[in-house]
Amino acid sequence: MKFLSVETARGVAAILVVLVHASDMLAAPKYFGAMPFDGLFGFAHAGVDFFFVLSGFIIFYVHRQDLGNPSRLGAYLKRRFVRIYPTYWTILFIFGLILAVSPTKDGYERNIVAVITSTFLIPVPERLPILGVAWTLQHEILFYALFSALFINRTVGKTILGVWATLIAWNMLTGSLDVFPASFLFSMFNIEFFFGIGVAVAVRRWPIFHPRLMLACGAALFFATGLVEAWGPYFPVQWWPPHMFYATGAAMALYGMVGAEDTGHLKSIPAWAVSLGSASYSIYLLHTIVIMFLQQGILIVLRYTDLPLHITFLAVVGTTILICERFSHFIEQPLLRWSRRAISRRPVQRA
């Protein structure tokens, strides 16, 4: 069963990331020099936390019947490859063309090591990929790789994931594994995949518990944490407790959504919301590039007249989402269909 609520939640997570990056990018001194809505969307980086929880749920739920079956490993790896790389490579190529015309100050994108590691999403110490938002994909690929052990042998896979989760928790509490590559392998973000796995296990094994209440409580916890971060006392973005609140709220909301849809309490989801969810990957990868172009238009207008910050911000966010959704419709989705067909073709055996 495909849950439309989960697809919609992916769109919500992507839009949150658009909100935080649009806020930061328009707050630069040469644009507006102030955060839209008094920094309300400074917390929206939590869309990444939501993405990781969703990913853990989706991977376990979709592949739960294949675990312990080594013959299914190849199909799993092919599906993960197709979902990540073709669209990413397309957008990275577009960004590369832009950087060829307008390079960065340090010329990092012209470093051959940076090109190779960014192309194949190989993590390196203290540097993001050339397409900065792709750092999350490096964590996704790590999760996919370790999760694949469950296909080979359930016991071995559970042991590997259990040790991984334990070391992540240890690093969060002590900070004793904070040197690369351990800092990447045992990052706090990696524990959030387990929140999603927990939701998938719960909805399959036990009766659904008050789904609408869980959805409301989860959303309240998630956004209340966001308000505290945006308007409350300062704390570092890399401090782990708020991320755990975000992940807990996301997991509760996800449980409520899936439970409500599974039990018939959530009967109708607007087609446009599902469409945004289907476009979430393109929205996530492409949005900073679109905002960069819109910034140039804003600069031109600001030479002649002032612009209202909040209205401009909302216009930038809306335009960005629309362009990215159209990119998904015309580029990502056909590319996915073509890639899936290409990778599923079996070579003809000759006599």
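Using R₀ = 45 Å, calculate the FRET efficiency as 1/(1 + (r/R₀)^6) where r is the Cβ-Cβ separation of S344 and L302; round to 0.05. Write down the numbers at each step before the final one.
Working: r = 51 Å, r/R0 = 1.13.
Computed FRET efficiency for S344 and L302: 0.35.
Under a Cβ-Cβ cut-off of 14 Å, what is the net charge of the residues other than S23 that fall near it, where Lys and Arg count +1 and Asp and Glu count -1? If you can, show how the numbers build up before the last one.
Values: positive: none; negative: D24, D38, E229.
Every neighbour counted, the sum reads -3.
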H139 accessible area, 1.4 Å probe, all protein chains in place, Å² to nearest 10: 10
Solvent accessible area, Å² - L150, 1.4 Å probe, full protein context: 10
In the chain, lysine pairs with alpha-carbon atoms under 23 angstrom apart (chain gap of 8 or more, or interchain): 4
Projected label distance in nm at L128 and F235, using a 7 Å step from Cα toward the beta-carbon: 2.3
DSSP H segments from the chain that extend 24 Å or more along their own axis, Cα-based, with Kyte-Doolittle mean of 0.0 or above: 4-26, 46-63, 73-101, 154-174, 211-231, 240-262, 280-302, 309-327
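Using 0.36 nm per residue, how much length does the chain from N153 to W135 gain when fully extended, once their Cα-Cα distance is taken away? Present the calculation step by step, with values, prior to reporting the outcome.
Details: separation 18, 0.36 × 18 = 6.48 nm, distance 2.93 nm.
Gain in length upon complete extension: 3.6 nm.
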Spacing of the two label points (7 Å from each Cα toward its C-beta) at T166 and Y31, in nm: 4.6
Theoretical gain in end-to-end length, Q333 to N69 [0.36 nm per residue, Cα-Cα removed]: 92.1 nm
Carbon + sulfur, % of accessible area of segment 195-289 - ligands and nucleic acids excluded, 1.4 Å: 71
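Probe radius 1.4 Å, ligands and nucleic acids ignored: give me the carbon and sulfur share of the accessible area of segment 1-43 as a rounded percent. Before the final figure, lay out each step's value.
Numbers: 1070 of 1660 Å².
After summing per-atom areas, the C and S share lands at 64 percent.
Where only protein heavy atoms count, and the probe is 1.4 Å, what is the accessible area per residue for segment 12-67 in Å²? Intermediate results must be reported in sequence, preceding the final value.
Values: 1750 Å² over 56 residues.
Result: 31 Å² of accessible area for each residue.
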Nonlocal amide H pairs with V124, under 5 Å, H built at 1.01 Å: none
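Ranked from the most accessible area to the least, with a 1.4 Å probe and all protein chains present, what is the order of S176, S23? Don't skip to the answer; put the middle values down first.
On the way: S176 70, S23 0 Å².
If we order S176, S23 from most to least accessible, we get S176, S23.
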Solvent-accessible surface (1.4 angstrom probe) belonging to R212, in square angstrom, nearest 10: 150
Pairwise centroid distance, computed over Cα atoms, of segment 276-351 with segment 26-76, Å: 16
Sequence of D24, D49 when ordered by accessible area, the most exposed leading, probe 1.4 angstrom: D24, D49
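Quick one: ranking F143, F60, F120 by accessible area, 1.4 Å probe, largest first, what do you get? Before the final figure, lay out each step's value.
Working: F143 0, F60 40, F120 110 Å².
Result, largest first: F120, F60, F143.
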Inter-site label distance for L40 and K267 at 7 Å from Cα along Cβ, in nm: 3.3
The chain: most fluctuating residue of L266, L309, L299 per GNM, C-alpha cutoff 10 Å: L299
Theoretical FRET efficiency, 1/(1+(r/R0)^6), r = Cβ-Cβ of S183 and Q295, R0 45 Å, to 0.05: 0.90
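The values are calculated or read from the model by the stated rules, or taken from the named source; none is laboratory data. Nothing here was measured: the structure is a model prediction, and the numbers come from that model. Methodologically, a virtual Cβ is constructed for each residue, glycine included, from the backbone with ideal geometry; neighbour enumeration extends over all protein chains shown. Each accessible area value is taken on the protein alone, full model and side chains, heavy atoms only, with ligands, DNA and RNA left out. Shrake-Rupley method; radii C 1.70, N 1.55, O 1.52, S 1.80 Å.
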